[in-house]
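What follows is a set of notes on a single structure, which appears directly below.
We did not get these values from a lab; they are worked out from the coordinates using the rules stated. It should be emphasised that the depicted structure is a prediction, and the values quoted were computed from it without experimental measurement. When we count neighbours, we look across all protein chains shown, and the Cβ atoms used for this are built from the backbone with ideal geometry, even at glycine.
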Amino acid sequence: MSPSSPLADVRDRIAAAAKIARRKPDAITLIAISKMHSADAIAPLIAEGQRVFGENRVQEAQAKWPALKAAHPDIELHLVGQLQSNKADDAVAVFDAIHSVDRVSLVTALARAMNKAGRRVPCFLQVNIGAEEQKGGCAIADLPELLAAVRAADLPLAGLMCVPPADIEAAPFFALLAKLADDHGLTGMAAGGLSMGMSGDFEVAIQLGATHVRVGSALFGARA
Ligand SMILES: *Cc1c(COP(=O)(O)O)cnc(C)c1O
């Protein structure tokens with residue numbers, strides 16, 4: 001049976017990867033990364049039942065999503081890109097999860113924004129897993145301090161997130177993120193999330209424990 005759409009294809013591939021890993025497919029959340037794609041491009045995925053989407057910029061999300069969310073209140077919107085502390089209020093208002101918490105000052109800003117809004121938005125801590133310069137994410141060595149800040153601020157912790165270096169095998173980096181989660185006691189439904197895997201590598205990420213895969217181009221085609 002040939003898949004009828006890119007979404008159906010990605011869902012099939014997630015199910016196949018989960019089966020190989022002896023995991024339940026519904027333990028893996030597909031986040032459709034719709035950055036740089038219009039509401040018109042997003043509509044067919046919503047029509048096919050996709051409800052979890054991701055964007056990498058606060059402003060773009062503010063422009064695109066309030067109308068779509070008003071029409072489909074069960075949509076969940078995740079922020080997967082860098083966040084400046086001065087946009088914390090806006091991010092807390094428009095997003096339902098944040099994957100890019102990577103420094104103590106941002107923890108403080110988000111905790112304040114969530115208290116002000118009376119809204120708790122689950123947060124993933126982004127780890128700079130390949131120790132790349134100019135890449136988002138906290139250094140592995142700084143993760144204990146960041147976790148302590150999250151706990152002190154009572155920020156809702158969803159788990160860890162990474163974007164491995166481009167153009168080299170991602171699997172060792174996914175395995176390392178999973179080990180870091182384990183080392184820090186981040187397990188179970190609440191804080192044991194692992195946001196890892198994109199269009200090119202989500203199957204191997206699932207085999208290594210991903211709970212959230214962030215898939216853009218495999219669903220929407222190449223970005224301009
Ligand atoms: C754009 C983006 C993705 C999706 O990338 P694709 O290769 O198009 O699947 C995933 N995660 C982050 C953080 C992104 O910025």
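Ala166 fulfils the conditions (1) among the hydrophobic types (A, V, I, L, M, F, W, C); (2) in a loop (DSSP other than H, G, I, E, B); (3) away from the ligand (no atom under 16 Å from the Cβ) except for a single criterion, (3). The residues on offer are Ala27, Ala63, Ala18, and the sole one that is away from the ligand (no atom under 13 Å from the Cβ) and under 29 Å from Lys87 (Cα atoms) is Ala63. Within region 178-197, being free of Cβ contacts under 8 Å to residues at least 60 places away in the same chain and under 14 Å from the mean Cα position of the chain (by Cα) holds for Ala191, Gly192, Leu194, Met196, Gly197. Considered as a group, the residues in region 173-224 that are among the small types (Gly, Ala, Ser), part of a loop (DSSP other than H, G, I, E, B) and away from the ligand (no atom under 14 Å from the Cβ) include one that is surrounded by the fewest Cβ atoms within 10 Å (Cβ to Cβ), and that residue is Gly185. As for region 35-42, it holds at least one residue that is surrounded by 14 or more Cβ atoms within 10 Å (Cβ to Cβ), part of a helix (DSSP H, G or I) and within 16 Å of the ligand (Cβ to nearest atom). Number of residues in region 64-112 that are touching a Lys or Arg at 6+ places or on another chain (Cβ under 8 Å), of a type in the set (Gly, Ala, Ser) and without any contact (Cβ under 8 Å) to a residue 24 or more places away in the chain equals 0. Number of residues in region 19-34 that are in contact (Cβ under 8 Å) with a residue 24 or more places away in the chain, within 18 Å of the chain's Cα centre (by Cα) and not in a loop (DSSP other than H, G, I, E, B): the value is 6.
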